[in-house]
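Notes for the one structure printed next.
The values are calculated or read from the model by the stated rules, or taken from the named source; none is laboratory data. The model shown is predicted, which means the values in this text are computed figures rather than measured ones. Neighbour counts are summed over all protein chains in view; Cβ atoms, including those assigned to glycine, are modelled from backbone coordinates with ideal geometry.
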Amino acid sequence: MTTGRVYPFQSDDDIRSEARDWVLKFNADTPPADADIMALREWAKRSPTHRAELARATAFWCDADVLTALAVPTDANRTRPGSFARFSGLQLTFNYIGALAAILIIKVVIINLFW
Amino acid sequence: MTEESGNKQQRKSPGFAVTQAYKTHLSALKRFVLRLLNSGHQHDVDDVVQEAFLRAYAAECSKEIEQPKSYLFRTAKHVALNHLREKTRRPTDYLEDGGSSAILASEWTLEDEAMARQKLEIHCAAVATLPPKCRRVYLMRKVYGMSLKEIAEMLDVTVSTVEAHISKGFARCDAYVQERMVDAGEGRRQADRKRRA
């Protein structure tokens, strides 16, 4: 199949990195513009590797949303007005009390996130 | 006492206990949801609270809810986290042959919880390897779904600095998770070989 265009050779790492850039571009504060969507489609047509890497990067970014599980205030009745006013997500406690070291480390980081 | 008469006493009408709990705890429920969605707007909070009530109400119509207040809050958490996750845009949805990721786009259910737990562990381990500033920005983005602008304002840095941290965090965590998955696959294959030998 000829696409009528010649692209410079790209290593798989380059493609992977560009795929991540697309995911982030589409997750900027404003929705993607039509021009972005057209450019993405052109990019994805370059090879099956491009499409596969886009799917992979997208899946990673969605999987990483498991981290939202760490944002859990356990008892809504124990709101401290001061900290609540400063940042409504401050008072954090967690549902996962498992002994998983990595989760615990990140929990400690999250508690200190906004100070 | 037969089971039937017990049910008659407790089930005054379908949805009764949930409705009572909702009326009593509405403001606490709204605060709870606001804190989960912290960068969300009031209408997001109202949407989540209403959906949580409807789900809990529907649930009570088909079974008895013993602790309606805690059931309501748990449902609200579930709905709120789904709400945060739904905000993530999938570039694959914008391709002309889109729809292939329809399965990915489906909402998380309770059945997925064991797998989510494993994913959470591996993603936390990945985040732990990030340099502190990068990690902070990455978590604000992925744990709270804060916008780039909100993060920039909170940390008093430019939006492009925030973007750079997120991009770096994405690259490193992606590589880390990929490696761990390859390792896990290799471990399974070795175990299989040993079993067969």
note = Taking the stretch B:125-136 and the residues there that are part of a helix (DSSP H, G or I) and touching a residue at least 12 places away in the same chain (Cβ under 8 Å), the one that is nearest to the other protein chains (Cβ to nearest Cβ) would be B:ALA125
inquiry  = Can you go through B:ARG85, B:ARG31 and tell me which one is part of a helix (DSSP H, G or I) and in contact with a Cys (Cβ under 9 Å, 6 or more places away or on another chain)?
reply    = B:ARG85
query = How many residues does the stretch B:89-113 hold that are modelled with pLDDT of 75 or more and surrounded by fewer than 19 Cβ atoms within 10 Å (Cβ to Cβ)?
reply = 4
task = Would you check if there is a residue in the stretch B:168-179 being farther than 24 Å from A:ALA55 by Cα, at the interface with chain A (Cβ under 9 Å from one of its Cβ atoms) and without any contact (Cβ under 8 Å) to a residue 24 or more places away in the chain?
result = no
key: All positions within the stretch A:34-63 that are at the interface with another protein chain (Cβ under 9 Å from one of its Cβ atoms) and of a type in the set (Ser, Thr, Tyr)   = A:THR58
Selection count, the stretch B:137-167, where residues are facing chain A (nearest Cβ under 10 Å), in a helix (DSSP H, G or I) and of a type outside the set (A, V, I, L, M) = 8
note = Per the filter on the stretch A:14-33, residues more than 10 Å from every other protein chain (Cβ to nearest Cβ) and either of a type outside the set (A, V, I, L, M) or loosely packed, with under 15 Cβ neighbours inside 10 Å (or both) are A:ASP14, A:GLU18, A:ALA33
note = A:TRP43 vs (1) of a type in the set (A, V, I, L, M, F, W, C); (2) modelled with pLDDT of 90 or more; (3) under 16 Å from B:VAL143 (Cβ atoms): all pass except (3)
request  = Any chance you could count how many residues in the stretch A:18-73 are hydrophobic (A, V, I, L, M, F, W, C) and assigned to a loop (DSSP other than H, G, I, E, B)?
outcome  = 4
request  = Select, from A:ARG51, A:ARG86, the only residue that is among the charged types (D, E, K, R) and at pLDDT below 60.
outcome  = A:ARG86
task = Considering only residues that are farther than 23 Å from B:GLY15 by Cβ and at pLDDT 80 or above, look in the stretch B:32-52 and name the one that is farthest from the other protein chains (Cβ to nearest Cβ).
result = B:HIS43
request  = Please list, ordered by first then second residue, the pairs with beta carbon atoms under 7 Å, 6 or more apart or interchain, first in the stretch A:33-51 and without any contact (Cβ under 8 Å) to a residue 12 or more places away in the chain, second in a helix (DSSP H, G or I) and not aliphatic (A, V, I, L, M).
outcome  = A:ASP36/A:LYS25; A:ILE37/B:TYR94; A:ALA44/A:HIS50; A:ALA44/A:ARG51
